[in-house]
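**Q** I'd like to ask some things about the structure below.
The values are calculated or read from the model by the stated rules, or taken from the named source; none is laboratory data. Computed from a predicted model, the values in this text were never measured in an experiment. Cβ sites come from the backbone with ideal geometry, for glycine too, and all protein chains shown count toward neighbours. Quick note on the areas: whole protein, heavy atoms, side chains included, nothing else; ligands and nucleic acids left out. Shrake-Rupley method; radii C 1.70, N 1.55, O 1.52, S 1.80 Å.
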Amino acid sequence: MWRSRDVISARDFTRADLEELFETAKYMEKYAKSRLDVLRGKIMAVAFFEPSTRTRLSFEVAMKRLGGDVVGFWGAEGTSVEKGETLADTIKMLDAYSNIIVIRHRYEGAAKLAAEVAESPVVNGGDGAFNHPTQAMLDIYTMWREFGRVDGLNIGLLGDLRHARTVNSLLEALANFNVRVYLISPEYLRPRAETIDYVRSRGLKLSFHTNVEEVIGELDVMYVVRIQKERFIDPLEYEKVKGSYRVAPDMLRNAKKSLIVLHPLPRVDEIDPRVDATPHAKYFKQAALGVPLRMALIYLILS
Amino acid sequence: MSRELIVSKIEHGTVIDHIPAGRALAVLRVLGITGREGVRVALVMNVESGKLGKKDIVKIEGRELTPEEVNIISAVAPTATINIVRSFEVVKKFKVSPPEVVRGRFKCKNPTCVTNAPREPVEPAFYLVRKEPPLFVCAYCGRYHELGDLL
Ligand SMILES: Nc1ncnc2c1ncn2[C@@H]1O[C@H](COP(=O)(O)OP(=O)(O)OP(=O)(O)O)[C@@H](O)[C@H]1O
Ligand SMILES: [Mg+2]
Ligand SMILES: [Zn+2]
């Protein structure tokens, strides 16, 4: 049941919720380049206190394709936020103007606070370092579209798994499915204990690896996130390992033919552009599916 | 017991016994008792104890603390025993145990938690996720806090 619901954390959604969302998104794909006038007269407020291109645009486009309107701001410059208005006050104002609020914020828990203050549903477009639930839904939707199922997949997550906000939400959402997850990262860039304990308690099968070669042949999905140089305590260590977390054609030599490579984008240099031309590359398709997925989400909440 | 009773008996109130030595002031702080409330409070510190070697005791005259109120002190004094005294006699005795939820009072240790954002109208809250040893998560940012972290 999605109606009038807040979307704050991936933990709040069951397998049935996600399956309903995916079926609806598949239907929405037909309209992702046209218009479905089902939300005429509804207004979405976009409150992006932090910059983001992809997430914000896909929400806006989704709302417009559904026949609704969009108001809002991105970046705090020139807004009352810059003058020191609290998040709570800003949200109260937007709540009065709109039917649904999408928020992105630097602070962990900002979306939860917004949902407490607002009467309209609040959708978390990424808050703090750990939550980006709609991205996780999109990531799993892409797998579901590519394989026709999620159960049974072997999913590798590669890169900085501790500081990438999409990874935490993805793991939490994957806990609804019968998948096997390979966490491939330097030891100190593994997901935080809070996340690991939670997904283990939900029965998610996990293993830790520092070396991709060790598992590449097993994977159906490789989900890549960036490792930033600044995360390394020792710069020499960065130089030593950076190559091993970079996806390049030779890394994929031993991969299954059907392996798909996903990335929340934007990428910097963690995927070699030569991979783009291979049948493994699905990250642009993934980004494109962001519109129908978010159309489905908004539609289910507002209709 | 007469050897223990350094301060005079209270008629009605609460005795917090078996506080680890040196923690009596921390217990009062956690309970939010500053002394300005006007209640009579006696502190006994570093007295001999069969169970703990040395212990502190706090006696609060005229106020019966409820389990909800006192469980929070398991943060600083997990060994404490609460004794409710009526007409000079102990009529109820219970051990403290970590509370299921802790609201207000403590700050989240995560500097980018929304509960630490300046002027936002939000009260920190923590949920108990493990009993032994107690472990809490911040209801807003999800960060783990041990009891000691909350202080
Ligand atoms: N009327 C009173 N006024 C002040 N302190 C009291 C009073 N009655 C008991 N106490 C104190 O309360 C604590 C518990 O009293 P109790 O008589 O139950 O002792 P106990 O048998 O040693 O208990 P325990 O097994 O918990 O150690 C002791 O520290 C005692 O000194
Ligand atoms: Mg005793
Ligand atoms: Zn917090």
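**Q** With more than 14 Å from chain B (Cβ to nearest Cβ) and at pLDDT 95 or above as the only criterion, which of A:168, A:178 stands out?
**A** Working: A:168 fails: more than 14 Å from chain B (Cβ to nearest Cβ).
Checking each option against the conditions leaves just A:178.
**Q** With segment B:1-116 as the region, which strands (runs of 3 or more DSSP E) entirely inside it contain at least 2 residues that are away from ligand 1 (no atom under 15 Å from the Cβ)? If you could, list the steps in order and put the result at the bottom.
**A** On the way: elements: B:12-20, B:41-49, B:53-61, B:81-86, B:89-95, B:101-103.
Ranges flagged: B:101-103.
**Q** Please give the number of the condition residue A:160 fails out of (1) modelled with pLDDT of 95 or more; (2) touching a Ser or Thr at 6+ places or on another chain (Cβ under 7 Å); (3) outside any strand (DSSP E or B).
**A** So the condition that residue A:160 fails would be (1).
**Q** Considering every residue within segment A:166-178, establish whether at least one is of a type in the set (S, T, N, Q) and open to solvent by 40 Å² or more (accessible area, probe 1.4 Å).
**A** Of the residues in segment A:166-178, the ones of a type in the set (S, T, N, Q) are A:166, A:168-169, A:176, A:178.
In the following step, the residues that additionally are open to solvent by 40 Å² or more (accessible area, probe 1.4 Å) were identified as A:178.
Scanning segment A:166-178, I find at least one residue that is of a type in the set (S, T, N, Q) and open to solvent by 40 Å² or more (accessible area, probe 1.4 Å), so the answer is yes.
**Q** Right, residue A:145: touching a residue at least 40 places away in the same chain (Cβ under 8 Å), within 14 Å of chain B (Cβ to nearest Cβ) and open to solvent by 10 Å² or more (accessible area, probe 1.4 Å) or not? So that I can check it myself, show each step before the final result.
**A** On the way: touching a residue at least 40 places away in the same chain (Cβ under 8 Å): yes; within 14 Å of chain B (Cβ to nearest Cβ): no; open to solvent by 10 Å² or more (accessible area, probe 1.4 Å): yes.
Judged against the criteria, residue A:145 is not a match.
**Q** Then there's this: Of B:140, B:144, which residue is buried (at least 21 other Cβ atoms within 10 Å of the Cβ), within 15 Å of ligand 3 (Cβ to nearest atom) and farther than 14 Å from residue B:98 by Cα?
**A** On the way: B:144 fails: buried (at least 21 other Cβ atoms within 10 Å of the Cβ).
Result of the check over B:140, B:144: B:140.
**Q** Quick one: in segment B:117-131, which of the residues that are part of a loop (DSSP other than H, G, I, E, B) and over 17 Å from the mean Cα position of the chain (by Cα) is surrounded by the fewest Cβ atoms within 10 Å (Cβ to Cβ)? Explain how you work it out, then say what you get.
**A** So the first thing to find is which residues in segment B:117-131 are part of a loop (DSSP other than H, G, I, E, B), and the list is B:117-124, B:131.
From what is left, the residues that are over 17 Å from the mean Cα position of the chain (by Cα) are B:117-124.
Values: B:117: 21, B:118: 6, B:119: 11, B:120: 17, B:121: 11, B:122: 22, B:123: 10, B:124: 22.
The qualifying residue surrounded by the fewest Cβ atoms within 10 Å (Cβ to Cβ) is B:118.
**Q** Same structure again: Filter segment A:116-142 down to the residues that are part of a strand (DSSP E or B) and away from every other protein chain (no Cβ under 14 Å) and list them by number. Lay out the reasoning, then the answer.
**A** If we filter segment A:116-142 for residues that are part of a strand (DSSP E or B), which is where we start, we get A:122-127, A:131.
The answer is A:123, A:125.
**Q** Mind checking which residues of segment B:123-135 are closer than 27 Å to residue A:87 by Cβ and more than 10 Å from ligand 3 (Cβ to nearest atom)?
**A** From segment B:123-135, those closer than 27 Å to residue A:87 by Cβ are B:123-127, B:129; that's our starting set.
B:123, B:127, B:129, listed by residue number.
**Q** If you go through segment A:33-55 one residue at a time, do you hit one that is closer than 14 Å to residue A:302 by Cα, within 21 Å of the chain's Cα centre (by Cα) and of a type in the set (D, E, K, R)?
**A** Within segment A:33-55 (the criterion being closer than 14 Å to residue A:302 by Cα, within 21 Å of the chain's Cα centre (by Cα) and of a type in the set (D, E, K, R)), the answer is no, since none of the residues qualifies.
**Q** Are any of the residues in segment B:78-101 surrounded by fewer than 20 Cβ atoms within 10 Å (Cβ to Cβ), within 16 Å of ligand 3 (Cβ to nearest atom), under 30 Å from residue A:88 (Cβ atoms) and within 14 Å of another protein chain (Cβ to nearest Cβ)?
**A** Taking every residue of segment B:78-101 in turn, none turns out to be surrounded by fewer than 20 Cβ atoms within 10 Å (Cβ to Cβ), within 16 Å of ligand 3 (Cβ to nearest atom), under 30 Å from residue A:88 (Cβ atoms) and within 14 Å of another protein chain (Cβ to nearest Cβ).
**Q** Can you list the strands (runs of 3 or more DSSP E) lying wholly within segment A:42-115 that have 3 or more residues being crowded, with 18+ Cβ neighbours inside 10 Å and within 14 Å of chain B (Cβ to nearest Cβ)? If you could, list the steps in order and put the result at the bottom.
**A** On the way: elements: A:43-48, A:69-74, A:100-105.
Of the strands (runs of 3 or more DSSP E) lying wholly inside segment A:42-115, those with at least 3 residues that are crowded, with 18+ Cβ neighbours inside 10 Å and within 14 Å of chain B (Cβ to nearest Cβ) span A:100-105.
**Q** While we're here: Could you grab me the full set of residues in segment B:132-151 that are in a loop (DSSP other than H, G, I, E, B), at the interface with chain A (Cβ under 10 Å from one of its Cβ atoms) and in contact with a Phe, Trp or Tyr (Cβ under 8 Å, 6 or more places away or on another chain)? Explain how you work it out, then say what you get.
**A** Restricting attention to segment B:132-151, the residues satisfying the condition of being in a loop (DSSP other than H, G, I, E, B) are B:132-134, B:139-143, B:151.
Filter once more, keeping what is at the interface with chain A (Cβ under 10 Å from one of its Cβ atoms): B:139-143.
Residues satisfying the conditions are B:139, B:141, B:142.
**Q** Tell me yes or no: at least one residue of segment B:16-34 is under 22 Å from residue B:151 (Cα atoms), within 14 Å of another protein chain (Cβ to nearest Cβ) and either within 16 Å of ligand 3 (Cβ to nearest atom) or open to solvent by 50 Å² or more (accessible area, probe 1.4 Å) (or both). If you could, list the steps in order and put the result at the bottom.
**A** Taking segment B:16-34 as the starting set, the residues that turn out to be under 22 Å from residue B:151 (Cα atoms) are B:16-34.
Then keep just the ones that are within 14 Å of another protein chain (Cβ to nearest Cβ); that gives none.
Looking through segment B:16-34, none of the residues is under 22 Å from residue B:151 (Cα atoms), within 14 Å of another protein chain (Cβ to nearest Cβ) and either within 16 Å of ligand 3 (Cβ to nearest atom) or open to solvent by 50 Å² or more (accessible area, probe 1.4 Å) (or both).
**Q** Report whether or not residue A:38 is in contact with a strand residue (DSSP E or B) (Cβ under 7 Å, 6 or more places away or on another chain), farther than 30 Å from residue A:163 by Cβ and not in a helix (DSSP H, G or I). Give the derivation first.
**A** Details: in contact with a strand residue (DSSP E or B) (Cβ under 7 Å, 6 or more places away or on another chain): no; farther than 30 Å from residue A:163 by Cβ: yes; not in a helix (DSSP H, G or I): yes.
For residue A:38, the condition - in contact with a strand residue (DSSP E or B) (Cβ under 7 Å, 6 or more places away or on another chain), farther than 30 Å from residue A:163 by Cβ and not in a helix (DSSP H, G or I) - is not met.
**Q** Within segment A:199-262, considering only strands (runs of 3 or more DSSP E) that don't extend past its boundaries, which have at least 1 residues that are open to solvent by 20 Å² or more (accessible area, probe 1.4 Å), more than 20 Å from residue A:129 (Cβ to Cβ) and not aliphatic (A, V, I, L, M)?
**A** Working: elements: A:205-209, A:221-224, A:260-262.
Qualifying strands (runs of 3 or more DSSP E): A:205-209.
**Q** Quick check on segment B:103-113. Is at least one of its residues away from chain A (no Cβ under 14 Å), buried (at least 21 other Cβ atoms within 10 Å of the Cβ), closer than 26 Å to residue A:118 by Cα and within 16 Å of ligand 3 (Cβ to nearest atom)?
**A** Initially, segment B:103-113 is screened for residues away from chain A (no Cβ under 14 Å), giving B:104-106.
Then drop every residue that is not buried (at least 21 other Cβ atoms within 10 Å of the Cβ), which leaves B:106.
Narrowing the set further to residues that are closer than 26 Å to residue A:118 by Cα leaves B:106.
If we keep only those that are within 16 Å of ligand 3 (Cβ to nearest atom) as well, we get B:106.
For segment B:103-113, residues away from chain A (no Cβ under 14 Å), buried (at least 21 other Cβ atoms within 10 Å of the Cβ), closer than 26 Å to residue A:118 by Cα and within 16 Å of ligand 3 (Cβ to nearest atom): present.
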